Amino acid sequence: MKKSVILGVATVAGLAAAAATAGTVDDVKARGKLNCGVSSGLAGFSLPDANGEWQGFDVAVCRAVAAAVLGDSSAVEFVPTTGKTRFTALASGEIDMLARNTTWTFSRDVDLKFEFAGVNYYDGQGFMVPKALGVSSAKELDGATVCIQTGTTTELNLADFFRANNISYEPVPIETNAEAQQQYLAGACDVYTTDASGLAATRATFENPGDHVLLPEIISKEPLGPLVRHGDHEWGDVVRWTLNALVSAEELGVTSANIDELSAGTDNPEVNRLLGTEGTLGEMLGLNADWAASAIKAGGNYGEVFAKNIGEETPIGLARGLNAQWTDGGLLYSPPFR
Amino acid sequence: MSDVSFVRTEMLPEQAPPASEVGAIGWIRHNLFSGWFNSILTLVSLYAIWYVLSGVLPWIFQSVWNANSLNECREIMIATWGSTHGHACWAVINDRWLQLLFGFYPSHLYWRPIVSLILLLVALAPVLYSDRVPSKMLIVTAIYPFLMPFLMWGGTIWGPIAAALGFVVGWGVYTLVSKRLSGLFGMVAGVAASVIWWLVLSSYFVGALDSILPIGIEAVQSRQFGGFMLAILLGVVAIGVSLPIGIVLALGRQSDLMIVKYLCVGFIEFIRGVPLITLLFVASLLLNLFLPPGTNFDIILRVMIMMTLFSAAYMAEVIRGGLAALPRGQYEGADSLGLNYWQAQRLIIMPQALKISIPGIVSTFIGIFKDTTLVSIIGLFDVIGLASAIRADTAWNGIYWELFAFIAALFFVVCFSMSRYSMYLERKLQTGHH
């Protein structure tokens, strides 16, 4: 019984995937709305505010894509997804793209038949410990109890790290970040490990954030980015180059403050190509000439989006770190707009 | 001679009982301190109650109601009581209570769910208190299933009218066919006519009338539904629809018709053998894969169907318990009166079987109502989902107890009312079979 159901689902999934590849760009334009899958609540990345408006770093990517395709950054239907439902929602066509702090891995890209459009946040797994523990490096954590979310890549990374350093630990399995905070504060574990951005956000909400330290070791690579279905390359290009446009805009000094002025034409041909006053880049994507300008106006360039949602001025207080432009020693490197 | 020393000729006046046997002292002596062991238990219990209340009451009442973030709450607590320990920050409820109740429903349309709720009570009154409310009110009950979706989702008024007309069409065909042919043919033809009307014809009907006479109110997307409103909506639909389906399934399971019987048994056992969360995942994920791409099958409708089927299977077993408890003589008595199957069920069997099953039925109702919170796992924003979303806001990250206490209070009010009503109903229907 069970086997036949799974086979049936796989068959239908294959059919659905084949049928759903016909032009997401046209679908979105015809619908007049972008269906964008986001997290149902992750501080700084995606959350509904008191008025039900979606805010956050991942949400900004959705808004930029909607602005590029439809010219309206509010033409987005946000579909909250959980860790369990996100991939099926994308594969079944319920959502056009997924921007839900999803790590780009080999198996997700190849085996699950998705296409990552780039990286909007370079994350990595870190450790948080109480200052009173007197630990300054993760390698001193021999014998520690560790709060760890089950069923995630972080669980596997943790096992790899401790085995590679030949030290032991005792896992305390937990289900959600909220539960982890409670357990950690109650002293059920010495160490809490998850993505460094999550640790920073968690620590910011503690009563005495100064009593807890993040250890310097980052034990994994977690490139988080938006993804689309495999096989619809036109749509993949739209999402990829919208993200690149935000990154390039920061590199070229195009901000939401000066974009109207620059859109009138500048001496820099790359800025002109980006903003559509020169060349036919928009037409090649099947979009309007000012597609990138609309995307940048939606929430500003990459740096502005970062600063507004998760930057050092916000309670989450993340430094740019790896997410700085390549010219500043980071990893953000957009291919040229030519 | 004989010496009769004393014979009382009048009754002594009654004396008040000893002070230690009556009043508060007597009650305490009898109930709390009737022996050394009970006295110790009483003292231990009193200490336990005091210990809990001394922690909980200050937490509830020495609390902060006005603040914009958890940190501001903590500052106020430190300024007022010198510590943040043992004080609630109700400011989060103050800030977000409308969202917890209504989800993302547009705030200028809040009157619509409120009116729906009030009408629900009006529609339920003639059913729940049939002895006190005039039965003419049943008209409201009949209209309500069509009025409620119109109020909640909005859109054109012709949609619910078309849905109601489906029943009229079915009834018309049934009476027409059953006069010419047999009743069974009439029933089949009636159901078929309704289904054809709903699936094929009604969309043309709605489209045509909407273009001629567009009457309607602002439409609200299912994605905007949420909060406690969603729990009540799902709960009311699942409860209201599962009872009749459950009765039919229970009767079907005892039927002599083999196909009917095994269909009912198969359905009941399959649904009861699968966890509700699995059915919800099927509703939210697998159906998407089965349906052709681009089909927009409303997510809340899908969840409603699954929850209804789930509770109907349990309901069927509860009612079957009631049927099994009836003495065989009741069935034979009905037969000896010459009643046919449906008359016997309606007049003799069901009134007794349902009365026996009331506690079980209400338990199932309460269970399915609380199970509505599971929808947070498939990404719908019910109260639990909203609590996580509120915690994702940096202003309120780290707040747990206050949100869950509020949610618990909401659920307690509804579930406790259901439970009290079932006890009232049992007393009312008590006809003295001991």
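Given segment A:125-220, what percent of its DSSP beta bridges are antiparallel, to the nearest 5? Present the calculation step by step, with values, prior to reporting the outcome.
Values: 7 of 15 bridges.
For segment A:125-220, the DSSP antiparallel bridge percentage is about 45.
How much mean residue ellipticity at 222 nm does chain B get from its helices, if each DSSP H run of length 4 or more adds -39500 (n - 2.57) and you divide by all residues, to the nearest 500 deg cm²/dmol? Calculated from helices alone, the mean residue ellipticity at 222 nm is -22000 deg cm²/dmol. For chain B, taking a cut-off of 4.7 Å between Cβ atoms, the unpaired cysteines are B:C264, B:C415.
If both residues of a DSSP beta bridge must be in the protein assembly as shown, then about 55% of such bridges are antiparallel. Under a 5 Å amide H cut-off, with hydrogens placed 1.01 Å from N, A:H212 pairs with A:K131 among residues at least 5 apart or on other chains.
Count, for each residue of A:37-46, the Cβ atoms from other chains sitting within 10 Å of its Cβ, then give me the mean as a whole number.
The shielding value for this peptide is 5.
Taking a ≥ b ≥ c as the square roots of the eigenvalues of the Cα gyration tensor of the protein assembly as shown, is the shape rounded (a/c under 1.5), prolate (a/b larger than b/c) or oblate? Before the final figure, lay out each step's value.
Numbers: a/c = 2.26, a/b = 1.33, b/c = 1.70.
Oblate.
Centre-to-centre separation between the Cα atoms of segment A:150-199 and those of segment B:324-387: 47 Å. Return one number: the angle in degrees, 0 to 90 and rounded to the nearest 10, between the long axis of the Cα atoms of helix A:233-251 and the longest principal axis of the Cα atoms of chain A. Between helix and principal axis, roughly 80 degrees.
Just counting partner chain Cβ atoms within 10 Å, what average do the residues of peptide B:95-103 show around their Cβ?
Working: counts 1, 2, 0, 1, 5, 0, 0, 1, 2.
Across the residues of B:95-103, the mean count of other-chain Cβ atoms within 10 Å is 1.
Less than 5 angstrom separates the built amide H of A:D123 from those of A:E222, A:L224, all sequence-distant by 5 or more or on a different chain.
Only sites in a loop by DSSP and with at most 16 other Cβ atoms within 10 Å count here; which trypsin sites (Lys or Arg not before Pro) in segment B:1-97 make the cut? Don't skip to the answer; put the middle values down first.
On the way: sites: B:R8, B:R29, B:R74, B:R96; in loops: B:R8.
Answer in residue order: B:R8.
The label-point distance for B:K136 and B:F404, in a model that sets each label 7 Å from Cα toward Cβ, rounds to 5.1 nm.
Rounded, prolate or oblate: pick one for chain B, where a ≥ b ≥ c are the square roots of the eigenvalues of its C-alpha gyration tensor, a/c under 1.5 means rounded, and failing that, prolate if a/b is larger than b/c, else oblate.
Values: a/c = 2.37, a/b = 1.22, b/c = 1.94.
The shape class here is oblate.
Projected label points at B:V127 and B:S20, each 7 Å from Cα along the beta carbon direction, are separated by 5.8 nanometres.
Specify whether the C-alpha gyration tensor of chain A places it in the rounded, prolate or oblate class, a ≥ b ≥ c being the square roots of the eigenvalues: rounded for a/c under 1.5, otherwise prolate if a/b is larger than b/c and oblate if not.
Details: a/c = 2.13, a/b = 1.38, b/c = 1.55.
Note, shape of chain A comes out oblate.
For the pair B:L301 and A:S107, label points projected 7 Å from Cα toward Cβ lie 3.7 nm apart.
Taking GluC sites (Glu not before Pro) as exposed when DSSP calls them loop (any state but H, G, I, E, B) and at most 11 other Cβ atoms lie within 10 Å, what is the longest stretch of chain A free of them, the sites themselves excluded? Walk me through the numbers before you get to the answer.
Working: sites that count: A:E175, A:E312, A:E313.
Excluding the exposed sites themselves, the longest stretch runs over A:1-174.
A Förster radius of 56 Å combined with the Cβ-Cβ distance from A:I167 to B:S54 puts the calculated FRET efficiency at roughly 0.80.
Within 10 Å of the Cβ of each residue in B:373-381, the mean number of Cβ atoms contributed by other protein chains is 4. When the alpha carbon coordinates of segment B:1-152 are projected onto the principal axes, the ranges are 106, 61, 25 Å, largest first. Provide the FRET efficiency to the nearest 0.05 for the B:I277-A:H233 pair, computing r from the beta carbons and using R0 = 51 Å. E(calc), rounded to 0.05, equals 0.90. For the pair A:E207 and A:T152 in one chain, pulling the backbone fully straight at 0.36 nm per residue adds 17.0 nm over the alpha carbon distance.
Name the chymotrypsin sites (Phe, Trp or Tyr not before Pro) in segment B:32-122 that are in a loop by DSSP and that have at most 16 other C-beta atoms within 10 Å, would you? Before the final figure, lay out the partial values.
Working: sites: B:F33, B:W36, B:F37, B:Y47, B:W50, B:Y51, B:W59, B:F61, B:W65, B:W81, B:W90, B:W97, B:F102, B:F104, B:Y110, B:W111; in loops: B:F33, B:W65, B:W90, B:F104, B:Y110.
Passing both the DSSP loop test and the Cβ count: B:F33, B:W65, B:Y110.
Near A:G124, once Lys and Arg are set to +1 and Asp and Glu to -1 for all other residues with Cβ below 11 Å from its Cβ, the sum equals -3.
Once Rh is set to the Kirkwood radius over Cα pairs, what Stokes-Einstein translational diffusion coefficient, in µm²/s, holds for segment B:23-91 at a temperature of 10 °C and a viscosity of 1.306 mPa s? The partial results should precede the final answer.
On the way: Rh = 14.6 Å.
The estimated diffusion coefficient comes to 109 µm²/s.
Tell me, which longest segment in chain B has none of the GluC sites (Glu not before Pro) that fall in DSSP loops with at most 11 further Cβ atoms within 10 Å? Result, exposed sites excluded: B:219-434.
Hydropathy first: keep DSSP H helices in chain B averaging at least 1.0 on Kyte-Doolittle, then drop any whose Cα extent along the axis falls short of 27 Å, and list what survives. If you can, show how the numbers build up before the last one.
Working: long enough: B:36-61 (37 Å, 1.48); B:158-180 (32 Å, 0.91); B:227-253 (37 Å, 2.18); B:299-325 (40 Å, 1.52); B:350-371 (29 Å, 0.85); B:401-428 (39 Å, 0.86).
Those that clear 27 Å and a mean of 1.0 are B:36-61, B:227-253, B:299-325.
For chain B, the relative contact order comes to 16 percent (Cα pairs under 8 Å, sequence separation of at least 6). For the residues B:A16, B:A24, B:A67, a GNM of chain B with alpha-carbon springs under 10 Å puts the largest fluctuation on B:A16. Computing FRET efficiency as 1/(1 + (r/R0)^6) for B:L326 and B:E269, where r is the C-beta to C-beta distance and R0 is 30 Å, gives about 0.85. Cross-linked pairs A:K33/A:K113; A:K84/A:K113; A:K84/A:K131: Cα-Cα separations exceed 27 Å for A:K84/A:K131.
Where a number appears in this text, it was derived from the coordinates with a stated rule and is not lab data. Quick caveat, the model's predicted, so the values are computed rather than measured. Don't worry about glycine lacking a Cβ; one is built from the backbone with ideal geometry, like all the others, and counts go over all protein chains shown.
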